[in-house]
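Notes follow once the structure below has been shown.
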Amino acid sequence: VLIWTLVVLTCTGRAAWAQQPTTTADVVKLADLVAEAERKHPAILAAARMVQAKRARVPQARAWPDPQLSIGYMGDPAPFKTQANDPASYRQFGVMQEIPYPGKRELRGKIAEKEVDAEGWNVEAARRRVRAEVKLAYFELWGVDRALDITQKNKDLLEKLARIAEERYKVGKGLQQDVLRAHVEVTRVLQRLTILRQRRRTLEARLNSLLLRPPDSPLGPLEAVEKSTFAYTLDELLETGVANAPEIRRQEQLIEQSQVAVNLAKRDYYPDFSVGWDYQNRGSGQPEMYGLRFTVNLPVFYKSKQRQALSEASFTLAATREMREAAKTTLLFQVKEQYLTARASEELLTLYAKGIVPQSMLALESALVAYQVGSLDFL
């Protein structure tokens, strides 16, 4: 009797969840919790703000360099005062604008845009992490609630078994050892109930933290979990995972950004230009003078500057590609691992629901009857 009771304690705790009715009053729905977490969780909001910050860099990268204004004089020691009858004395006003080599501003803008696209996948990754954490906590909490219900029923069953043992002992048909064993099993179930209640409070606090609620906020009854159909092949999951994984998509955007950075490093071998306009007022009746200037920087130190910048960009591109392959390899393993777990869980659920639990229940009922009439010992 005791052996079959323990079998039922184990089996019903794992399989009876599929047979629980749905509570309708004040039911806490998983979809509502997920939506609330997506609206309020700081990790998602922070990632979204970072995208906005990166997007503000795009117009900065494409902007023209600031023009330069110059004012000066030559002549008298007093500021901006020319010397009388000296044609070399003057007051000057000038404006200069730097002009990057054609294509550099566009490439810098593309680099900033790719950074925005890559950062956008961080938002999706944060959203998926939060959703997964909420779902995991929800399912665990629902499982603990079912375990509490089942353990309470098991406690009632063991108490019934203890009463039978006491009655048999009173009439001289049983042993005191059977009574003590029955009470030990009841105590063990009480211990399990205490652990389950503590686990439930922990999971409630976990869900509340994900929803930015006070840790001790109560949660009502949860919506029943229904077994979903698992109709995917491993190849389908692998293909979908590689196509939609945020980390892989982010690395692809970074690869494109690095390629544009290589193109910009090559373009930096070409010089930038500057154009300036000057005005001189020489005073003392001298005619005013105007001037136009063109300047160009000479990349004579290209071996230690432009060439090294191109090497840096090329190595960064190669490293980003390797990081994408590393993320892909990790993802393929995780998908395969979860796929095997899901398939095994389906088989175990079927085994418990259709085999172990019904057989154990029949065996327990038969054992109880046999024990009551004295044809089966307590153990």
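Before moving on, here are some points about what is shown:
- Fraction of accessible area attributable to carbon and sulfur, the chain (%, probe 1.4 Å): 57
- R105 - accessible surface, heavy atoms, 1.4 Å probe, Å² rounded to 10: 50
- Per residue value of the accessible surface for segment 22-79 (all protein chains in place, 1.4 Å probe), Å²: 68
- Two-site FRET efficiency, F80 against Q60, from Cβ-Cβ distance with R₀ of 30 Å, rounded to 0.05: 0.25
- For segment 148-229, the solvent-accessible area works out to 62 Å² per residue, with a probe of 1.4 Å and every protein chain left in place.
- Between 0 and 90 degrees, the angle of helix 2-15 with respect to the longest Cα principal axis of the chain falls at about 30 degrees.
- Computed [θ] at 222 nm, helices only, for the chain once each DSSP H run of length n ≥ 4 contributes -39500 (n - 2.57): -22500 deg cm²/dmol
- Unit charges at the beta carbon, dipole of the chain: most positive-side option, G285, A53, N122: G285
- Ordering of 34-45, 222-233 by burial proxy (mean other Cβ atoms within 10 Å per residue, highest first): 34-45, 222-233
- Whole-number Å³ per residue for the convex hull built on Cα positions in segment 266-364: 228
- Rg/Rg_ref, the chain, where Rg_ref = 2.2 N^0.38 Å and atoms are Cα: 1.84
- 31 Å Cα-Cα threshold exceeded, pairs from K135/K336; K266/K336; K40/K153: K266/K336; K40/K153
- Total charge dipole magnitude, the chain, about the Cα centre, Cβ charges on Lys, Arg, Asp, Glu only, Debye to nearest 20: 420
- Rolling a 1.4 Å probe across the protein heavy atoms gives segment 247-371 an accessible surface of 64 Å² per residue.
- Normalising the Debye intensity of segment 207-314 to I(0), with uniform scatterers on Cα atoms only, and taking log10 at q = 0.14 Å⁻¹ returns -0.91.
- Dipole-positive endmost among A319, F93, L234 within the chain (Cβ charges, Cα centre): F93
- Using a probe of 1.4 Å on the protein chains alone, the accessible area found for F139 is around 100 Å².
- Highest mean packing first, where packing is the average number of other Cβ atoms within 10 Å per residue, the peptides 345-352, 177-184, 116-123 line up as 116-123, 177-184, 345-352.
The values are calculated or read from the model by the stated rules, or taken from the named source; none is laboratory data. These numbers come from a predicted model, not from an experiment. Reconstructed Cβ throughout: ideal geometry from the backbone, glycine too, with neighbour counts over all protein chains shown. Ligands, DNA and RNA are excluded from the accessible area calculation, which covers all protein heavy atoms including side chains. Shrake-Rupley method; radii C 1.70, N 1.55, O 1.52, S 1.80 Å.
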